[in-house]
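The structure appears below as structure tokens.
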Amino acid sequence: MKIQNVREAEERPVERFPFKGIQREVKKVGIRWLSQAGPPDSPDYGLRFFTVGPLGEIPIHNHFYFQTMYMLTGSLSVRSHKPDTEEVIHEQEAGPGDVIFVPSMEPHSMKNLSGDEEATFLCCIANVYEDDD
């Protein structure tokens with residue numbers, strides 16, 4: 001068992017996310033890994049604490065793992081995209097107490113629309129392997 005305060009976890013800047021082989025710039029985003037299991041570079045499970053600064057942005061990206069986010073402070077514009085055209089197909093504002101679920105490989109992005117308030121959220125990731133049977 002491990003118990004720690006979120007402030008004890010080192011915050012690291014997130015600089016880029018890949019999508020379709022292109023590295024996309026991330027703006028004003030920090031991550032703190034609170035727990036993880038599996039390989040360090042691609043964990044099967046993890047709980048992370050994100051800070052998105054004023055006007056910060058996580059560009060379109062996708063990933064194999066399933067992701068659930070729980071908004072703590074501030075608000076974000078959360079978008080899902082068509083994989084082939086990157087067109088926004090759904091956009092909604094999420095704020096404190098909201099839960100966002102992103103299925104495996106769904107292209108999505110987020111933006112803090114506030115010019116003076118940061119947004120924070122917890123993000124749980126888990127790889128789910130389906131049987132071939």
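At a glance:
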{"read-out": "Members of the stretch 90-133 that are surrounded by fewer than 12 Cβ atoms within 10 Å (Cβ to Cβ) and either of a type in the set (S, T, Y) or touching a Lys or Arg at 6+ places or on another chain (Cβ under 6 Å) (or both)", "value": "Y129"}
{"read-out": "Odd one out for D41, checked against (1) under 22 Å from A9 (Cα atoms); (2) buried (at least 16 other Cβ atoms within 10 Å of the Cβ); (3) not hydroxyl-bearing (S, T, Y)", "value": "(2)"}
{"read-out": "Leading residue by the ranking (nearest to F49 (Cα to Cα)) among those in the stretch 1-15 that are without any contact (Cβ under 8 Å) to a residue 40 or more places away in the chain and among the hydrophobic types (A, V, I, L, M, F, W, C)", "value": "I3"}
{"read-out": "Strands (runs of 3 or more DSSP E) fully within the stretch 1-81 counting 2 or more residues that are at pLDDT 95 or above and under 16 Å from T120 (Cβ atoms)", "value": "27-37, 45-61, 66-73, 76-81"}
{"read-out": "Any chance Y70 is out of contact with any Ser or Thr (no Cβ under 7 Å at 6 or more places or on another chain) and closer than 25 Å to Y129 by Cβ", "value": "yes"}
{"read-out": "Whichever residue in the stretch 16-36 is free of Cβ contacts under 8 Å to residues at least 24 places away in the same chain and more than 14 Å from F50 (Cβ to Cβ) and, among such residues, is nearest to the chain's Cα centre (by Cα)", "value": "R16"}
{"read-out": "Strands (runs of 3 or more DSSP E) completely within the stretch 82-133 that count 2 or more residues being more than 24 Å from G46 (Cβ to Cβ) and either among the polar types (S, T, N, Q) or more than 17 Å from the chain's Cα centre (by Cα) (or both)", "value": "88-94"}
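The values are calculated or read from the model by the stated rules, or taken from the named source; none is laboratory data. Predicted model only: the values in this text are computed from it and were never measured. Every residue, glycine among them, receives a Cβ derived from its backbone with ideal geometry; neighbour counts consider all protein chains shown.
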